[in-house]
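Below is one structure; the comments refer to it alone.
The values are calculated or read from the model by the stated rules, or taken from the named source; none is laboratory data. The model shown is predicted, which means the values in this text are computed figures rather than measured ones. Note: ideal-geometry Cβ built from the backbone for every residue, glycine included; neighbour counts use all protein chains shown. In case anyone asks, the SASA skips ligands and DNA or RNA and just uses the protein heavy atoms, side chains included. Shrake-Rupley method; radii C 1.70, N 1.55, O 1.52, S 1.80 Å.
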Amino acid sequence: MPDYDFSQVDAAIIDSQLNTARVFRDVLIRLGFRRVELFDSVKAAAGLLAAAMPDLVLVDADGEDSEAFRFIRSLRNEPAVPNPFACVIVTTWAPTPALLTRVTNAGGDDLLMKPVSPKQVRERIVSLIESRKGFVVTADYTGPDRRKSPREGAQVPVLDAPNTLRLKATGQWTQSGARMRLNEAIATVTTQKRLRASIQVAFLIEFALAGLARPVPDRMSIDHVGRIGGFLDDLLRRLGDDGDHAPVEAVARAIKSLADKVRTAAEAGPVSADDRDQLQALSRALMQAVDPDRPLEAMTREVSAAVDGYRSRLEQIAQAKAAAAASALAASSADAAGETAGDSVISAAPPPASAGPAAASLSAG
């Protein structure tokens, strides 16, 4: 195993249990870390997101519910964070599959179970140095690639995110060089966030159109329209000063206004064909304004493929639920029939011999 130098690595430990935090600090110091900050809560560590994001963060998931995950999502997704690519290890006394899923969906790199040994901590850190996953950027996620296989309609590139932990531990760190790489990567994330937000808005609209056309619009379509505003708000706050974004802003605000109108109308009754057509046209105009160099036809194909894949998954889920419900009903009916047959045997005389096969059949069923 290479002899990494951790003396220049900045680390932070966020843990409400001070004794546990001190144990982690002692472990890092034994590994050669010299700069380790302790925080007893996510709130106390909030300043890290604005000023001095460390290279490595160990954050406890056993404190206030969801606080750790909100911190990680803010770290990965807020535009003003100086190093959104910092390595994040979530720690816990009680690892579960559900917790691992939350860590992954928030953008964490790893989940580490307490208590720990210096060897375990070193192995996890070395893994982040040598084989950290590339980052992906979607409309609502930034972080290590979660995908095990390509998905329908998804054309999300993998970003080789700057890893300041690796740069410092391997002696490749220079302040100016790292800052340049971070700025370039952050600019790439910003561009991808705009693009993915525009495609997500188009996806939500494309999916909702059929349900909005019904005499009584369905609940799922209305809810999808309701999600549009959040993605548009995120897109608008990422426009910045790196170009003329007036066309993007104008279309985004028009969609937001119309989506609010459509949602209100759908709660009361059918949505007019004109409003539905305009919503779809504006969503395509937004994609074109955000990425004028990419053919609109390619983007609409991507959206359509994503909608088809989503509908297929919803149908599979519905079929699985229906099959499970039918199976449970059949089992319940069989149990009830068995109980009835049992009651008859107890309260009445034995059935005639001719009824034997039928009784056997009922019992077996």
Taking H as built 1.01 Å from N, whose amide H comes closer than 5 Å to the amide H of N83, not counting residues under 5 places away? M53
I need the Kirkwood Rh of region 145-233: take the reciprocal of the average 1/r across all distinct C-alpha pairs and report it in angstrom. 16.3
Label-to-label distance, nm, for residues given as D308 and A210 (7 Å Cα→Cβ offset): 1.2
Mind checking Rg over Rh on region 85-170, alpha carbons, Kirkwood formula for Rh? 0.99
Rg ratio (alpha-carbon, reference 2.2 N^0.38 Å) - region 79-236: 1.28
When you take every Cα atom in region 1-160, what is the radius of gyration, and what is Dmax, the widest Cα pair distance, in Å? 15.3, 48
Plugging the Cβ-Cβ distance of N19 and E78 into 1/(1 + (r/R0)^6) at R0 = 30 Å yields, to the nearest 0.05, a FRET efficiency of 0.45
Can you tell me how region 57-129 classifies by the Cα gyration tensor, rounded, prolate or oblate, using a/c under 1.5 as the rounded cut? oblate
Evaluate the charge dipole of the chain about its Cα centre and quote only its size in Debye, nearest 20, assuming +1 on the Cβ of each Lys and Arg and -1 on the Cβ of each Asp and Glu. 640
Taking amide H positions as placed 1.01 Å from N in the peptide plane, with prolines and chain starts having none, which residues 5 or more places from L159, or on another chain, fall under 5 Å of its amide H? F135, V136
Heads up, region 159-300 by the C-alpha gyration tensor (a ≥ b ≥ c square roots of eigenvalues; a/c under 1.5 rounded, else a/b over b/c prolate, else oblate) looks prolate
Hey, any idea what Rg/Rh is for region 232-284, computing Rh the Kirkwood way over Cα pairs? 1.08
Rounded to one decimal in nm, the spacing of the 7 Å Cα→Cβ label points at L99 and I29 is 2.6
Give the dimensionless ratio obtained when the Cα radius of gyration of the chain is divided by 2.2 N^0.38 Å. 1.34
Looks like region 254-331, by Cα gyration tensor root eigenvalues a ≥ b ≥ c and the a/c under 1.5 rounded cutoff (else prolate when a/b is bigger than b/c, oblate otherwise), is oblate
Take the solvent-accessible surface of the protein heavy atoms, probe 1.4 Å, and return the percent of it on region 62-166 that carbon and sulfur atoms account for. 53
Return the ratio Rg/(2.2 N^0.38 Å) for region 1-61, where Rg is computed over Cα atoms only. 1.12
Centroid-to-centroid separation of region 281-308 and region 222-253 [C-alpha atoms, Å]: 15
